[in-house]
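Notes to accompany the following structure.
The values are calculated or read from the model by the stated rules, or taken from the named source; none is laboratory data. Just so we're clear, the structure is a prediction, and the values are computed from it rather than from any experiment. Glycine gets a Cβ as well: all are built from the backbone with ideal geometry, and neighbour counts include every protein chain shown. All accessible areas refer to the heavy atoms of the entire protein, side chains included, with ligands and DNA or RNA removed. Shrake-Rupley method; radii C 1.70, N 1.55, O 1.52, S 1.80 Å.
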Amino acid sequence: LEAVQEFQVLTNQYDAEFGRTAGAVINAITKQGTNPFRGSLFGTYTGAKITAKDFFVDQNNLEKPDTSQTDWGGTLGGPVLRDRAHFFYSLDRLVYAEGRSNTFAARPELDYSNTQRMQLWNHMIRYDQQLNGANSWSARYLVEVSPTYDRISGRRTQVARDQEYDVDRTAVTTWSSVFGNTRFNTLRAAYTWEKNGFTAKEVQDGIPMTELPPSLTMLTFLDGFANGAQFRINGAYEVSDSFSWFVPQKLGGSHDMKFEGQYIYSSIELPD
């Protein structure tokens, strides 16, 4: 949150660069460095002692999960070359222990409460440089690593807990040019990559799934080890160009025109 300078939600009358969008457009503008060094630090903690049992844990007299949330980090920005080039860095660390519970009317001895833990590292670095009065460029790189342990999804017994592996990377570079007082152009190239997977802890530890106990599909729930082991890799490349032109006092008035071209290539891989 400390890295966001401006947040916009656009619901209609989009400019040309948002022309492919049918619903709302959410645009977050990140902070950038300045001539003085500036930074911030933050931290919050919520412990289990100030949270209550959820409804089903309390109703079925189950043990209260050990829930907590720790969030800390900071930002730092400053000059690389005074008045010409600046950097900005943001760090966010989140450890989220979340309560999960399941009850089974046909097998009450399998009722349980569980704590699943998400441990996130989020890094963002941005570089901006003014080359001359008419040209500037910037680059931004974001990486997030957020595995989740002892995850419960859906109607499963506690032995069916699994783990989520999640890594996201985004890189964007932008070149902006001014042509006189009335024309402005922005060229942008971007790359996004995500690797996401769900599998039993034992499989991630190197034990073949064929050596795990069987999964039992009951009428209303799943018992036994999680029987999925899937990784998905998403990638996307984008190149776009946006040209703005202000035409004063023509055809009965002044006019703002904007033209946009965009190319996106995306892929989905399902490794063996």
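Here are some notes:
- If you count Lys pairs in the chain whose Cα atoms are under 28 Å apart, skipping same-chain pairs closer than 8 places in sequence, the total is 7.
- Portion, in percent, of the accessible area of the stretch 74-115 that falls on carbon or sulfur, probe 1.4 Å: 54 percent
- Contact order normalised by residue count of the chain, Cα under 8 Å, 6+ apart, percent: 12 percent
- Percentage relative contact order, the stretch 143-272, counting C-alpha pairs under 8 Å, at least six apart: 24 percent
- Accessible area per residue for the chain, computed on protein heavy atoms with a 1.4 Å probe, is 63 Å².
- Residue-averaged [θ]222 nm for the chain, counting only DSSP H segments that reach four residues, each worth -39500 (n - 2.57): -500 deg cm²/dmol
- With one equal scatterer per alpha carbon and no solvent term, the Debye-computed log10 I(q)/I(0) for the stretch 114-189 at 0.13, 0.19 1/Å reads -0.60, -0.83.
- What the Cα atoms of the stretch 148-272 give is an Rg and a Dmax of 25.4, 79 Å.
- Sequence-ordered 3J(HN,Hα) estimates for the stretch 131-143 from the Karplus curve with 6.51, -1.76 and 1.60 and θ = phi - 60° stand at 6, 7, x, 10, 9, 8, 9, 8, 9, 9, 10, 10, 9 Hz, glycine and proline given as x.
- 3J(HN,Hα) from dihedral phi, the stretch 105-116, Karplus parametrisation 6.51/-1.76/1.60, rounded to Hz, x for glycine, proline: 4, 7, 9, x, 5, 9, 4, 7, 10, 9, 10, 9
- Residue-count net charge about Val57 - beta-carbon cut-off 14 Å; Lys, Arg +1, Asp, Glu -1: -3
- Vicinal HN-Hα couplings computed from phi for the stretch 214-231 (Karplus, 6.51 cos²θ - 1.76 cosθ + 1.60; Hz; Gly/Pro x): x, 8, 10, 8, 8, 5, 10, 7, 10, 10, x, 5, 4, 9, x, 8, 10, 10
- Length gained when the stretch Phe104-Trp72 is fully extended (0.36 nm per residue, less Cα-Cα span): 7.7 nm
- Model label points for Val9 and Gln158, set 7 angstrom from Cα along the Cα-to-Cβ axis, are 4.0 nm apart.
- Percent carbon-and-sulfur accessible area, the stretch 175-272, ignoring ligands, DNA and RNA, probe 1.4 Å: 59 percent
- Relative contact order (%) - criterion: Cα under 8 Å, at least six apart; region: the stretch 24-156: 22 percent
- Within the stretch 49-88, the proportion of C-alpha pairs whose separation exceeds 12 Å stands at 72%.
- Amide hydrogen neighbours beyond the local backbone of Met218, cut-off 5 Å, H modeled: Asp223
- Each principal axis of the Cα atoms in the chain has its own extent, and those three values, largest first, are 79, 39, 38 angstrom.
- Rounded to the nearest 0.05, the FRET efficiency derived from the C-beta distance between Asn27 and Arg232 at R0 = 30 Å is 0.65.
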